[in-house]
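Visitor: The structure is given below, and queries will be raised subsequently.
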Amino acid sequence: MESKPTPMKNPTTVERTSERELVVRRTFNGPAHIVFQAWTKPELFMRWWAPKSMGVPMLSCEMDVRVGGGYRIAFGHDAASAMEFFGKYLDVIPNARLVWTNEESDDAAVTTVTFEEKDGMTLLVLHELYPSKEAFEANSGAEGGLPEQFEQLDELLLTLGAEGA
Amino acid sequence: MRHLLLHRQRCRTGEAVRPGLAPPTCGEGLGRGFRRHPAPRLARRRSIGYILNHMVQYSQTRLDTSFAALSDATRRGILEQLGRADASITDLAETFRMTLTGMKKHVGVLERAGLVITQKVGRVRTCKLGVRRLEEEAAWLESYRQLWDARFDALDKLVEELKQKEKDDGE
């Protein structure tokens, strides 16, 4: 990896484990109940989910963390340009496991997060399962929109080249 | 479809965002600061060294098929050859002194790994390097990892704070 973690920092790894699955792993220097809180209390969640480098602040966050309960998060610089993301919790095991749907689209993943405590540290594993390979690709941008723009650019360059000749 | 539309919405800053509770999996949505644009077409043809470099940089499981494809000296040779010029299966078979069937198998392995793309025109199947998809995916995975890393750095700080608070409350 090109971006090496600093010595004190635990590395974040991302692995594509199948055609429609991604796994993110990270260890935190604290017990599972604390890490779990940070994922399930809106006032805490809002403090880390949208780091400054993401460029877009979180406007609001509602979470009803129980099986069948919903969540709704809005991002944006103001209410007029806000984007909302929402879904519901499929499984909630305090300090151990969270599963939620992402319902703002049909091809979004189901996300499972597990918290495993060992010696006061917590290994967090986030797993995303997409409904299909196509859904994954649509989301990952691997087959995404830019090629079309390049096609157009190619055409433009050809036209300009022809005119110049 | 609403999903895609959402993804293409831009905020007023001009940033594309995908910041929902859904992990930020949309390339579109990672924000310009995160997304690396795929190489333009002209840059598609890259050397084998470039490909290998990418593989070292991005060790993802998805790349296993690519590594497997590259584990064979003949297949590495084919990629080097295609890095210089596109070639037909027949050309490649001659260059590597192999049967057509044998060469088709090698090209098939490279094709499945996304390293080579082939196109049949008339009776001739032309092969060329197909690294673009691989580059895009590797770049996307890395930008995705960086976003999580930034989030988790912020979460580290919060965990420290909560730990301290718990300790203080306990005393």
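Visitor: Pairs, please: C-beta under 7 Å, at least 6 apart or cross-chain, first residue outside any helix (DSSP H, G or I) and in region B:66-91, second of a type in the set (V, I, T)?
Guide: Cβ pairs passing all conditions: B:D86/B:T126; B:S88/B:V124; B:S88/B:T126.
Visitor: Only residues that are at positive phi and more than 24 Å from the chain's Cα centre (by Cα): list them for region B:93-119, please.
Guide: Of everything in region B:93-119, just one residue is at positive phi and more than 24 Å from the chain's Cα centre (by Cα), namely B:R97.
Visitor: Checking A:I34 against (1) at the interface with chain B (Cβ under 10 Å from one of its Cβ atoms); (2) surrounded by fewer than 20 Cβ atoms within 10 Å (Cβ to Cβ), only one condition comes out false. Which one?
Guide: (2)
Visitor: Scan region B:127-136 and give yes if some residue there is at pLDDT below 95 and within 30 Å of A:K52 (Cβ to Cβ), otherwise no.
Guide: Within region B:127-136, the first condition is being at pLDDT below 95, and the residues that meet it are B:127-136.
Then drop every residue that is not within 30 Å of A:K52 (Cβ to Cβ), which leaves B:135-136.
The answer is yes, given that some residue of region B:127-136 is at pLDDT below 95 and within 30 Å of A:K52 (Cβ to Cβ).
Visitor: For region A:32-69, what are the residues that are in contact with a Gly (Cβ under 7 Å, 6 or more places away or on another chain) and at pLDDT 90 or above?
Guide: A:L59, A:D64
Visitor: So the check is Cβ under 6 Å with 6+ separation or different chains; which pairs have a first residue in region B:105-132 that's assigned by TED's automatic domain parsing to the domain that holds B:L79 and a second one that's part of a loop (DSSP other than H, G, I, E, B) and at pLDDT 85 or above?
Guide: B:T126/B:D86; B:K128/B:D86
Visitor: Can you confirm whether region A:104-111 contains a residue that is more than 8 Å from every other protein chain (Cβ to nearest Cβ), among the acidic types (D, E) and in contact with a Gly (Cβ under 7 Å, 6 or more places away or on another chain)?
Guide: Scanning region A:104-111 turns up no residue that is more than 8 Å from every other protein chain (Cβ to nearest Cβ), among the acidic types (D, E) and in contact with a Gly (Cβ under 7 Å, 6 or more places away or on another chain).
Visitor: Can you say whether A:W39 is free of Cβ contacts under 8 Å to residues at least 60 places away in the same chain and within 14 Å of B:R151 (Cβ to Cβ), as far as the supplied structure shows?
Guide: For A:W39, the condition - free of Cβ contacts under 8 Å to residues at least 60 places away in the same chain and within 14 Å of B:R151 (Cβ to Cβ) - is not met.
Visitor: Is it the case that some residue within region A:45-68 is closer than 24 Å to A:L129 by Cα and in a helix (DSSP H, G or I)?
Guide: yes
Visitor: Against the definition (in contact (Cβ under 8 Å) with a residue 40 or more places away in the chain, of a type outside the set (S, T, N, Q) and either surrounded by fewer than 21 Cβ atoms within 10 Å (Cβ to Cβ) or farther than 19 Å from B:L158 by Cβ (or both)), how does A:R97 come out, yes or no? Full working, then the answer.
Guide: On the way: in contact (Cβ under 8 Å) with a residue 40 or more places away in the chain: no; of a type outside the set (S, T, N, Q): yes; either surrounded by fewer than 21 Cβ atoms within 10 Å (Cβ to Cβ) or farther than 19 Å from B:L158 by Cβ (or both): yes.
No; evaluated as a whole, the condition is false for this residue.
Visitor: Do the conditions hold for A:R26, that is, is it modelled with pLDDT under 90, among the basic types (K, R) and surrounded by 18 or more Cβ atoms within 10 Å (Cβ to Cβ)?
Guide: No; evaluated as a whole, the condition is false for this residue.
Visitor: Would you point out the residue of region A:16-29, among those that are facing chain B (nearest Cβ under 8 Å) and touching a Leu at 6+ places or on another chain (Cβ under 7 Å), that is farthest from B:A138 (Cα to Cα)?
Guide: Ranking the candidates gives A:F28 first.
The values are calculated or read from the model by the stated rules, or taken from the named source; none is laboratory data. Because the structure is predicted, anything quoted here is derived from the model rather than measured. Neighbour counts are summed over all protein chains in view; Cβ atoms, including those assigned to glycine, are modelled from backbone coordinates with ideal geometry.
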